[in-house]
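The values are calculated or read from the model by the stated rules, or taken from the named source; none is laboratory data. Source: prediction; values computed, not measured. Glycine gets a Cβ as well: all are built from the backbone with ideal geometry, and neighbour counts include every protein chain shown. These accessible areas exclude ligands, DNA and RNA; they are computed on the full protein's heavy atoms, side chains included. Shrake-Rupley method; radii C 1.70, N 1.55, O 1.52, S 1.80 Å.
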Amino acid sequence: MPSFGLGHLWFLLIAAGWTIALSAIAFLGGGVLGFFIALARISESRLLRGLSGAYVQLVQGTPLLILLFLIYFGLAIIGLDQLPALIAAGAGLTIYSSGFLAEIWRGCLQSVPKTQWEAAECLAMTRWQRLTRVILPQAMRIATAPTVGFLVQIVKNTSLASVVGFVELSQAGKLINNSTFQPFAVFLTVAALYFLICYPLSAWSRGLERRLNVGRR
Amino acid sequence: MSAVVKLTDVHKSFGPLKVLNGVSFEVGRGEVVAMIGQSGSGKSTALRCINALEKIEQGSIEVCGHAIHGEKLDKRALRLDVGIVFQSYNLFPHLTAEQNIMLAPTCVKGIGRREARELARDCLNRVGLADKAGHYPEQLSGGQQQRVAIARSLAMQPKVMLFDEVTSALDPQLTGEVLRVMEDLARGGMTMILVTHEMGFARKVATHVIYMRQGKVWEVLPGHRLNDPDTPELREFIGSDL
Ligand SMILES: Nc1ncnc2c1ncn2[C@@H]1O[C@H](COP(=O)(O)OP(=O)(O)OP(=O)(O)O)[C@@H](O)[C@H]1O
Ligand SMILES: [Mg+2]
């Protein structure tokens, strides 16, 4: 029986790379989608507000695991069963992130006082100009820290992608453990790698929060 | 002379609360009208209706040829003609004084940045803050912030300016510097409607004073006659203020 060695460590490092790649896809995809949903949540149209609100409720109310299953098997039913695991996992995590990021950002947008919208409106600015020139710059400062905080959640949640056959860090650990039976060494290494990915993000988030609390609002 | 602002029998409620109950008055070009009255008498609401920030239920409002009550009101065209300054300044905190002023002229009127900067300097000059162009709102005193807010509004070259208790949040010594700016504006021929608790200022600057009470125009009188009102209610109101 092989024991946990350099070859395994290399395997874990590569899997960690996939974890980072999947996190990036989820964050970028979820960010773009979530941004437009956040805008829809504060839109003047009742219909858009209702639809986006329902989307957020639905996504937030569904366990990520079930979301991943639904996408994986749902796509298989419509004949897309050859889809790479990365795409299926990326789609699931993108939807998941979009629901949460939309809600975080909606809160940030709405925490900018109404009077700021009004002041810009009274200067004859269009709604789009008010949003992009007055509200977004202020909302973004508020949003930075919680957004980075959520990024850490995404990284950890990529571990669920193994259910659709994607070999990321956790799954790689499980595979190695199956052949070495050294769970302590293997999963301690896995945990350390997660920590190495997440710690800089948390530290960055804390730093941003500190800076924003001290600096201008 | 045709009126720049004309309200006719304006009614406005918030739910069951009747705030404006048949308000009518006119403001001619270059006139300065001061609105006074107890808290809750509907002064702010009247200003907000004039600028189409609130919808009215009955009556009509004409401002610089715009029919505020109409279905086809072009709000942006209206806001190009009407400037408004609030008690709480509402400066954009992420922009410097100069950028606060430049924002609307550049993105609404399409003025070039250099020209807009000159315009901003010019407006800051008029409110006595030429040296504060690069300061962020939080680095300015309340009085200075309020003067930047006035400058920001002026930069759009409105035909009418509305002021809602712009000095109420300020210490007495800061109040003076803001009132001086407004007095200069009035002298320069700006048409102004101002809600104020500064009776001395109203008496000195206002062409007319409108006393609001229970959602109605209770009494209108020339500014210089403010200490000699016709109705006992206004007499009592002014007495309570002195
Ligand atoms: N958006 C709103 N929704 C509900 N009620 C409102 C709203 N705005 C104002 N009111 C109510 O309308 C009444 C008149 O308010 P308004 O602000 O016009 O008074 P005001 O004369 O400006 O008073 P003050 O001197 O205190 O500023 C008040 O009773 C107020 O509570
Ligand atoms: Mg008021």
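The rows are residues; the columns are (1) more than 14 Å from ligand 1 (Cβ to nearest atom); (2) closer than 16 Å to residue B:159 by Cα; (3) touching a residue at least 24 places away in the same chain (Cβ under 8 Å); (4) away from chain A (no Cβ under 11 Å).
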site	(1), (2), (3), (4)
B:29	yes, yes, yes, yes
B:42	no, no, yes, yes
B:50	no, yes, yes, yes
B:58	yes, no, yes, yes
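Only residues that are at the interface with chain A (Cβ under 9 Å from one of its Cβ atoms) and buried (at least 18 other Cβ atoms within 10 Å of the Cβ): list them for segment B:60-80, please. Spell out the reasoning first.
Residues of segment B:60-80 at the interface with chain A (Cβ under 9 Å from one of its Cβ atoms): B:75-80.
Correct list: B:78, B:79, B:80.
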### Single residue of segment B:226-242 satisfying the filter (over 14 Å from residue B:38 (Cβ atoms) and touching a residue at least 12 places away in the same chain (Cβ under 8 Å)) that is nearest to the chain's Cα centre (by Cα)
B:226
### Query
Can you name the condition, by its number, that residue B:87 falls short on among (1) buried (at least 21 other Cβ atoms within 10 Å of the Cβ); (2) assigned to a loop (DSSP other than H, G, I, E, B); (3) of a type outside the set (Gly, Ala, Ser)?
(1)
### Message
For segment B:91-113, give me the residue count where each residue is in a loop (DSSP other than H, G, I, E, B) and open to solvent by less than 10 Å² (accessible area, probe 1.4 Å).
### Response
1
#### Entry: Test: residue in segment B:4-16 that is away from chain A (no Cβ under 14 Å), under 15 Å from the mean Cα position of the chain (by Cα) and within 16 Å of ligand 1 (Cβ to nearest atom)
no
### Message
Suppose we filter segment B:1-27 for residues that are more than 15 Å from residue B:159 (Cα to Cα), basic (Lys, Arg) and open to solvent by 30 Å² or more (accessible area, probe 1.4 Å); how many remain?
### Response
1
### Task
Of the conditions (1) under 27 Å from residue B:18 (Cβ atoms); (2) in contact with a helix residue (DSSP H, G or I) (Cβ under 6 Å, 6 or more places away or on another chain); (3) hydrophobic (A, V, I, L, M, F, W, C), residue B:234 clears all except one; give me its number.
(2)
### Task
Looking only at segment B:135-149, decide whether some residue is more than 13 Å from chain A (Cβ to nearest Cβ) and in contact with a His (Cβ under 6 Å, 6 or more places away or on another chain).
no
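Rundown of residues vs (1) touching a strand residue (DSSP E or B) at 6+ places or on another chain (Cβ under 7 Å); (2) open to solvent by less than 10 Å² (accessible area, probe 1.4 Å); (3) farther than 20 Å from residue B:51 by Cα, yes/no style:
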| position | (1), (2), (3) |
| --- | --- |
| B:157 | no, no, no |
| B:164 | yes, no, no |
| B:170 | no, no, yes |
| B:179 | no, no, yes |
| B:204 | no, no, yes |
## Note on the structure
Flagged in segment B:159-210 as touching a helix residue (DSSP H, G or I) at 6+ places or on another chain (Cβ under 8 Å), closer than 19 Å to residue B:141 by Cβ and within 14 Å of ligand 1 (Cβ to nearest atom), in numbering order, are B:163, B:165, B:166, B:167, B:169, B:198
### Query
Residues of segment B:41-72 being within 16 Å of ligand 2 (Cβ to nearest atom) and of a type outside the set (Lys, Arg), which ones?
B:41, B:42, B:44, B:45, B:46, B:47, B:49, B:50, B:51, B:53, B:54
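Okay, residues lined up against (1) open to solvent by less than 40 Å² (accessible area, probe 1.4 Å); (2) at pLDDT below 95:
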{"site": "A:2", "(1), (2)": "no, yes"}
{"site": "A:21", "(1), (2)": "yes, no"}
{"site": "A:29", "(1), (2)": "yes, no"}
{"site": "A:41", "(1), (2)": "no, no"}
### Message
Tell me whether segment A:71-91 contains one or more residues that are at pLDDT 95 or above, among the aromatic types (Phe, Trp, Tyr) and in contact with a helix residue (DSSP H, G or I) (Cβ under 6 Å, 6 or more places away or on another chain).
### Response
no
### Task
Kindly indicate whether any position in segment A:140-161 is more than 19 Å from the chain's Cα centre (by Cα), within 14 Å of another protein chain (Cβ to nearest Cβ) and open to solvent by 10 Å² or more (accessible area, probe 1.4 Å).
no
### Task
For residue B:118, indicate whether it is out of contact with any Leu (no Cβ under 8 Å at 6 or more places or on another chain) and away from every other protein chain (no Cβ under 14 Å).
yes
